[in-house]
Amino acid sequence: MATQWEMVVGLEVHAQLLTRTKIFCGCSTAFGAPPNTHVCPVCTGLPGALPVLNRQVVEYALMAALATHCTVARMSRFARKNYFYPDLPKGYQISQYELPITERGYLDITDDDGAPKRVGITRIHMEEDAGKLLHPEHAGADYSLVDLNRACVPLLEIVSEPDLRSSREASQYARKLREILVYLGICDGNMNEGSLRVDANVSVRRLGDPTLGTRAEIKNVNSFRFLEQALEFERDRQIERIEDGGQIVQETRLFDAERGITLSMRSKEEAHDYRYFPDPDLLPLVIEPEWVERVRAALPELPDAKRARFQREYGLPDNDTELLCQSRADADLFEETVRLGVPAKTAANWLIGSVLPERGKESSVGYAFDKAPQFIADMHRLIEQGAISANLAKNEVIGLWSSGKTAEAIVAEKGLAQISDTGALKAIVDAAIAAHPKEAEAFRGGKTQLLGFFVGQVMKQTQGKANPGVVNEMVRRKLGS
């Protein structure tokens, strides 16, 4: 029975860094260039080419370390991790092994019961990415092509302790880590393009058993949904294998997203299989405490702190806070809108309803999102002045913030200006009352809730343009209340 078993998971997250150039050479890191156009003798591993460390990579590693409560090593060094794949031109990967730049951090999540849970981070280290194999899909193709544009692109590998006990916890941890990296501005978190990739080490053990089981590693999972599916399949596979009298083999597996299963790829390598040794071409890296403090002082406000502040300062509900703080850009839009004089809840409603849903849509390419706060502020001012009703603003205008036109211009073009002139409204009010004599008599007899009915009739006749406050007062006077 699965309830008698416990899954144990540790994650290795590989995050490509948003530097302009690669970790050990000056080639561009831009995604999507024609194959083998962002290459040089260093990243193609030509004899005699020497690596030079990119300082920005170190800076980004320090930012990630401080944001995840890690201890920064005063001295770290690079090592050669030796293995032979067609997309690794040198025959080894420059990584870090015995002396990583940072160790012993944590992230806080909630467990499956909703209780706080701390997930340990074993280490964060810097390394270079490998290239990419391209497999032609035409009939009869029996070869692969190698694109080395990605070779030498800087990575951070973030290794967790085996503290995760469910697919939900693993997904939550990975999502939170991605959110932090994107907030820091050091990774775009785009899993579709391989900017963030997750390897999961999975084992099972009987409940109460302190001994870790034999683990399998699931490589290169590129979505949080697939991560959950892969972990659940692998958990069930291992439990079934053990209960049938078999043994778990330590191996590397791949997740087949179409079939929802993991497949054996190769036997799992250990550290000695990689024959690590210090890279003789790179000096040890010494991090002075002053450098760490400069980076700490420049860190942006992180997601959890921002959520707590939004609730404290603006009184926003949890759901609004969660939606607004999913990215720094969205949170900045909200605060700019409030700074322009819009009440916090009003700003949140309009941003969540009309602006933030456009993020990421192909149709939103070219949208000037930074113009939305001023548009919302202008619309709020028009409502406050009685120039347009809140209902018309919400239903007819606010969605046009991306048009490039001012709120005033849109209101004028669409003829949405609110009618507050009692002279202009008198005939409409009179007609509404005359058309419903029974309701008018009932109102005079004490059924004051019918006031809304008459106001609604006038609003219908004016296509929502009448000032409801003015109409309300006119109806009361007309009916003698």
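No value in this document is a laboratory result; all are computed from the given coordinates. The structure displayed is predicted, hence computed values, not measured ones. Cβ: placed from backbone, ideal geometry, glycine included. Neighbour counts: every protein chain shown.
So here's what we get for this one:
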| quantity | calculated |
| --- | --- |
| Ala329-Asp209 FRET efficiency (beta carbon distance; Förster radius 41 Å; 0.05 resolution) | 0.35 |
| Sorted by Cβ density within 10 Å, fewest first, the residues Glu137, Glu128, Glu169 | Glu137, Glu169, Glu128 |
| Spin-label zone in region 239-253 - amide nitrogen under 11 Å from a point set 7 Å from the Cα of Met265 along the C-beta vector | 252-253 |
| Helix-only CD estimate at 222 nm, as mean residue ellipticity for the chain, using -39500 (n - 2.57) per DSSP H run (n ≥ 4) | -10500 deg cm²/dmol |
| Ratio of Rg to Rh over region 2-290 (Cα coordinates, Kirkwood Rh, two decimals) | 0.97 |
| Pairwise Lys count, region 257-410 - Cα closer than 17 Å, eight or more residues apart or different chains | 4 |
| Longest to shortest principal axis, alpha-carbon extents of region 147-280, angstrom | 47, 37, 31 |
| Candidate aspartates and glutamates - alpha carbon under 19 Å from Lys460, same-chain residues fewer than 8 apart omitted | Glu396, Asp421, Asp430, Glu439, Glu473 |
| Sites Leu53 and Tyr106 - FRET efficiency at Förster radius 30 Å, r taken between beta-carbons, to 0.05 | 0.60 |
| Hull shadow area, averaged, region 301-413 [alpha-carbon convex hull, nm²] | 7.0 |
| Residues listed by number, region 391-414, amide nitrogen under 15 Å from Ala368 label point at 7 Å toward C-beta | 400-410 |
| Cα-projected label distance for His436 with Glu137, points at 7 Å along beta-carbon direction, nm | 6.0 |
| Where no second cysteine Cβ lies under 4.7 Å, the cysteines concerned in the chain | Cys25, Cys27, Cys40, Cys70, Cys187, Cys325 |
| Net length gained if the chain between His272 and Ala308 were fully extended (0.36 nm per residue, minus Cα distance) | 8.4 nm |
| Built amide H within the under 5 Å cut-off of Asp111, gap 5+ | Lys117 |
| Taking Ser354, Ser403, Ser363 and counting other C-beta atoms within 10 Å, the order from fewest to most | Ser363, Ser403, Ser354 |
